[in-house]
Amino acid sequence: MVALLQLEIPSSTVAACNSSPSFNLNAPNFICIFKQESIDFSATDTDGDRLVYSLCAPKQGLDFNCPVISNNNQCGLVRATPPPYNDVSYNNTFSSLQPFGNTSPVRIDSTTGMLSIFAKTLGKFTVGVCVKEYRNGVLIGQISRDYQFNTVECNSNEPRTGLDTTGINGATAINDDVYSNCQGATARFVNYGRNSSSDTYFWDFGITNRLDDTSTLASPSFAYPDTGTYNIRLIINKGKACSDTDDFKLIYYPGLKVNYGFSPTNCQNNLVLFSDSSTSIYNDINKWQWVLSAGDTAFVKNPTKVYTNSGTYNVTLTTTTSRGCVGKVSKTVIVNPKPKAAFNANYLCYKHNATFTDASTIGTGTITKYNWDFGDGQSDTLKNTTHVYNVFADSFPVRHIVTSALGCRDTIIKKIKMDDTVQISYTTAPASLCEKLPVTFTNTSIGGNPIAFQWIINNGTSVNGNSTSSTFQTGGIFPVKLISTNRCGIDTFNSTVKINSSPVVNLGSDVTVCNKFTKTITAANTFDSIRWSTNENTPNINVDGSRTPINITVYENGCAGKDTIVVKKQIITSSFSNNFLCLNKPITFNNTSTVNTGTLNQYDWKYGDGNSDINVQNPTHTFSTFGNYTVQLIATSDIGCKDTIVKTIAMDTVLNVNFNKAELISCQRKAVDFVNLTTGASIIKIHGALKRAISSQRMQVMLLQELVYFP
């Protein structure tokens, strides 16, 4: 046998940590021509990476001129040359895909690694098998194995010996040259090669220091007296010129019994538990190899397997002991098709019928049992059914179980939402709801897949939509109804809304304020807050009429009340006039007082001589004592406003009338000089004369006629 193994180590950027696959079994050295051979080239990857098998070109690991490695090698090759190695060159009709020639088909299953060969030519042939390793769909490495096969005629004259491997106690072929006979006490030898009636046979069963451990039968049996490992030899035509020999090794430790069980009922996609029950009298079983399906092997004592496809599977368990014994048992595992549970359900409504329709399928066979668990403690066994939910919840887990005629079942659970879960709610705006102001109602309902909403505010006309607006003319509690419609029906939410009355403030009638005086305006009652147009916020304010009108806004529960008052300022202008003041002569006072608003209805006088008049508009008064007098007038309006004017008046009375002249008698038309010596006089009248003032106290008069002087 010549073989070469080549391993590619991936970059750390591709796989930071990786265990390369390892081939599970050794291939046989010899295969028969004209016989379909199936050889296991499967590998195991401890990382669980996906393996893909293919035929590939073998490598030239050794030099043609120095084909072996040896310390005594004349060419000095004591170790293999380092890689890389070149591909083997094929001649004529041979290639890596046709390593036995174009007449001998070779195929490898890319998934299982099973190599199929139908050789038609005798010789030595090299086959290359590559295993690519994929992780998450990315190629991370590759190993390759070259193997030399020797093809033989199985019915030829060459001896080909072994042990009978049939039956419960049959031997197990470890390879072409090694057999284990640990499951039975007697070894049954078989000649698979030439078998001619003229041939003679000589078997040596390999017991040292014994001469009777031989047989001349073509296929003898032999009971070994003790355990151990024996070298067996068959010589055909011993002692003749045309003889031939075949050797193999026998491992003989009886007492190994291989068996296993599996559970539970084998259904597609169910986890099957395989349990090894093999025994050895030496208690030395230390290796297990399971072939669970084509290309699927396991090397643990009790493996598990999920068969995703229904069918019949030949499961083989091979056990190995520490003494080299190998035992094998095969059983048939039938995997029944499993149904696929499925169902359709319409919406769930509180206290309404819900319909459940089975939609399960099965590849082959029939579904015979149906079970429903509706999630509310109720169940049913009909294929298609209905159910009424008398318990309200947001959703229910509905479980549907289907079982086939062969006992395989599948379960599906769906969490189905109950549609009748509309949580009706709404909001109002603004934050403070007041009479005579619009209130906006906005739907904030959630859940239940509603398709329409309807409002009825204060028992009025219904309005459709997600929002509406209404104005309440007075404060109070008013009904609000919000109706939701979904495919389950109608749900109504009845509630009330409180509308706050606007606070009432009354400042009273308009007021008039006397000039230079103030009046107090009071906002009666108690309010949350007050705002005057004068920027004051107290219940009482003083006004002087300089600003009008005066506005007030009061607030209570976020609602506003308003009032306005007009403030007038009453301005009185007291005034009077009089003629000259003469001693002991009546003088008239002319009242000229005015007022900008309202009326004057009283006039009070004080003359400065101790006398007065009450409520006389235009009085007359006589002063009996000479002097200057301070006269006071108080004008009073209809609202009691007053204004006072005071005047000091000089008296015009003449006390001494006198003058002198330059001459007592003068002629007509002659100028006469007069000097005024009078006190209190203000007017000089000259009749019949032309006068010319020289100064305030002196004048010249040309007498035309009689002179008259008036003090």
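The values are calculated or read from the model by the stated rules, or taken from the named source; none is laboratory data. Note that the coordinates shown come from a computational prediction; the quantities given were computed from them, not determined experimentally. Please note: Cβ atoms are built from the backbone with ideal geometry, for glycine as well, and neighbour counts cover all protein chains shown. In case anyone asks, the SASA skips ligands and DNA or RNA and just uses the protein heavy atoms, side chains included. Shrake-Rupley method; radii C 1.70, N 1.55, O 1.52, S 1.80 Å.
Per the conditions (1) aromatic (Phe, Trp, Tyr); (2) out of contact with any Gly (no Cβ under 6 Å at 6 or more places or on another chain); (3) more than 25 Å from Ser38 (Cβ to Cβ), the sole criterion not satisfied by Trp290 is (3).
Has region 543-557 got any residue that is open to solvent by 80 Å² or more (accessible area, probe 1.4 Å), assigned to a loop (DSSP other than H, G, I, E, B) and free of Cβ contacts under 8 Å to residues at least 12 places away in the same chain? Within region 543-557, not a single residue is open to solvent by 80 Å² or more (accessible area, probe 1.4 Å), assigned to a loop (DSSP other than H, G, I, E, B) and free of Cβ contacts under 8 Å to residues at least 12 places away in the same chain. Scanning region 558-583 for residues that are under 30 Å from Pro430 (Cβ atoms) and assigned to a strand (DSSP E or B) returns Cys559, Ala560, Gly561, Lys562, Asp563, Thr564, Ile565.
If you go through region 518-531 and keep only what is surrounded by 14 or more Cβ atoms within 10 Å (Cβ to Cβ) and not aliphatic (A, V, I, L, M), you end up with Thr518, Lys519, Phe527, Arg531.
The residue pairs whose first member lies in region 221-248 and is in contact (Cβ under 8 Å) with a residue 12 or more places away in the chain, whose second member is acidic (Asp, Glu) and part of a strand (DSSP E or B), and whose beta carbons are closer than 6 Å, counting only pairs six or more residues apart or on different chains, are Arg233/Asp204; Arg233/Asp247; Leu234/Asp246; Ile236/Asp244. Can you report the number of residues in region 34-55 which are assigned to a loop (DSSP other than H, G, I, E, B) and out of contact with any Lys or Arg (no Cβ under 6 Å at 6 or more places or on another chain)? Residues in region 34-55 being assigned to a loop (DSSP other than H, G, I, E, B) and out of contact with any Lys or Arg (no Cβ under 6 Å at 6 or more places or on another chain): 8 in total.
A single entry from Ser533, Ser462 fulfils the requirement of being under 49 Å from the mean Cα position of the chain (by Cα) and over 23 Å from Ile639 (Cβ atoms): Ser462.
Suppose the filter is in contact with a Leu (Cβ under 8 Å, 6 or more places away or on another chain) and open to solvent by 40 Å² or more (accessible area, probe 1.4 Å); does Asn209 pass it? So Asn209 fails the test.
The single residue among Thr364, Thr368 that is of a type in the set (S, T, N, Q) and either at pLDDT 95 or above or within 17 Å of Ile413 (Cα to Cα) (or both) turns out to be Thr368. For Ile232, the criteria (1) assigned to a loop (DSSP other than H, G, I, E, B); (2) aliphatic (A, V, I, L, M); (3) touching a Gly at 6+ places or on another chain (Cβ under 9 Å) hold in every case but one, which is (1).
Cβ separations smaller than 7 Å between residues 6+ apart or across chains give the following pairs from region 580-592 residues that are touching a residue at least 40 places away in the same chain (Cβ under 8 Å) and under 17 Å from Thr648 (Cα atoms) to residues that are open to solvent by 70 Å² or more (accessible area, probe 1.4 Å) and polar (S, T, N, Q): Phe589/Asn618; Asn591/Gln617; Asn591/Asn618.
To keep it simple, each residue is scored yes or no on (1) at pLDDT 90 or above; (2) under 26 Å from Asp419 (Cα atoms).
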position	(1), (2)
Asn464	yes, yes
Ser467	yes, yes
Ser470	yes, no
Gly475	yes, no
Lys481	yes, yes
Ser484	yes, yes
Cys488	no, yes
Val497	yes, no
Pro503	yes, no
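Among the candidates Thr534, Thr538, the residue that is modelled with pLDDT of 90 or more, hydroxyl-bearing (Ser, Thr, Tyr) and surrounded by 13 or more Cβ atoms within 10 Å (Cβ to Cβ) is uniquely Thr534.
Name the residue, out of Thr512, Thr573, Thr534, that is touching a Gly at 6+ places or on another chain (Cβ under 9 Å) and not aromatic (Phe, Trp, Tyr). One residue alone meets the criteria, Thr512. For region 596-648, the candidate set comprises residues that are β-branched (Val, Ile, Thr), surrounded by 14 or more Cβ atoms within 10 Å (Cβ to Cβ) and assigned to a loop (DSSP other than H, G, I, E, B); within that set, the residue that is farthest from the chain's Cα centre (by Cα) is Val616. Considered as a group, the residues in region 259-289 that are aromatic (Phe, Trp, Tyr) and under 16 Å from Val306 (Cβ atoms) include one that is least open to solvent (accessible area, probe 1.4 Å), and that residue is Phe274. Selection within region 497-513: residues that are more than 22 Å from Val554 (Cβ to Cβ) and open to solvent by less than 30 Å² (accessible area, probe 1.4 Å). The member of this set that is nearest to the chain's Cα centre (by Cα) is Val497. Filtering region 582-640 to residues that are closer than 26 Å to Val566 by Cα and acidic (Asp, Glu) leaves only Asp638. Highlighted here are the strands (runs of 3 or more DSSP E) found entirely within region 419-494 that include at least 3 residues which are open to solvent by less than 60 Å² (accessible area, probe 1.4 Å) and either in contact (Cβ under 8 Å) with a residue 24 or more places away in the chain or in contact with a His (Cβ under 7 Å, 6 or more places away or on another chain) (or both): 438-443, 452-457, 476-486. Residues in region 96-114 that are open to solvent by less than 30 Å² (accessible area, probe 1.4 Å) and charged (D, E, K, R): 0 in all.
Among the residues making up region 45-54, those that are open to solvent by 30 Å² or more (accessible area, probe 1.4 Å) and modelled with pLDDT of 90 or more are Arg50, Val52, Ser54.
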